[in-house]
1. For segment 105-125, does any single residue satisfy the condition of being at pLDDT 75 or above, open to solvent by 70 Å² or more (accessible area, probe 1.4 Å) and closer than 20 Å to THR76 by Cβ?
2. Can you run down the residue pairs with Cβ atoms below 7 Å, 6 or more apart or on separate chains, where the first is in segment 127-140 and open to solvent by less than 50 Å² (accessible area, probe 1.4 Å) and the partner is small (Gly, Ala, Ser) and at pLDDT 80 or above?
3. Tell me the residue from VAL62, VAL57, VAL39 that is modelled with pLDDT of 90 or more and loosely packed, with under 13 Cβ neighbours inside 10 Å, please.
4. Any chance segment 68-85 includes a residue that's part of a helix (DSSP H, G or I) and loosely packed, with under 10 Cβ neighbours inside 10 Å?
Amino acid sequence: MKRRNAERGAVLMVVLVALVAMLVSVIALSRSMDTHHLVAGNLAFRNSTVHSSDTGVQSAVVWLESTVGTPTLNTTNEVGGYYAVLAEPDWDDEMFWSQCAGCTVSAADGAGNRVQWVVHRMCSSEGNINAAGNSCSLLTSTPTAAHGGSFSADATKFTGVAQNYYRISVRVLGPRNTSTLVQAFVSL
């Protein structure tokens, strides 16, 4: 009996402290898992917008192929989503993207993404690409050093049929305010 009176509950205090520590770690682990699920969800939404941007590039290429060789490509048509001059707009400006209703691929794809596109011709001014004073990005067959290119002995000399370059910019708006801007360059 004497031994039982000497016990003061020290083991009980150690067990209670251990239980509190385990409770705190369970709460921290559950909050960490919630954060991981949010991050994984956000990455999934971003990947979905990147994949949906392909439809915007394809739609713009189809439009370009249908207008190549026509005077339509010599002038800017903001309502049509075409800019004959290379410019750097404010990509986040909703007014810029809303000018062209026909540049939206569809109201929304299967993932709830809205795909919009615009095309910029890689030229310094409007008009014919061969007009005086109009500098366009072209693939040409002239030596580079003779026209201000590289004088290096190992410089690459591009040859081929002259083709004009176009920059296609695609914006995809998805769920949870996901926004992706993808750019592709094509030559026609």
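1. No, because not a single residue in segment 105-125 is at pLDDT 75 or above, open to solvent by 70 Å² or more (accessible area, probe 1.4 Å) and closer than 20 Å to THR76 by Cβ.
2. ASN134/SER124; ASN134/SER125; ASN134/GLY127; LEU139/SER187
3. That would be VAL62, the only listed residue that is modelled with pLDDT of 90 or more and loosely packed, with under 13 Cβ neighbours inside 10 Å.
4. yes
The values are calculated or read from the model by the stated rules, or taken from the named source; none is laboratory data. Here the structure is a predicted model, which means the values were calculated and not measured. Backbone-built Cβ (ideal geometry, glycine too); neighbour counts: all protein chains shown. The protein model used for the area step is the full one, side chains on, heavy atoms only, and it has no ligands, DNA or RNA in it. Shrake-Rupley method; radii C 1.70, N 1.55, O 1.52, S 1.80 Å.
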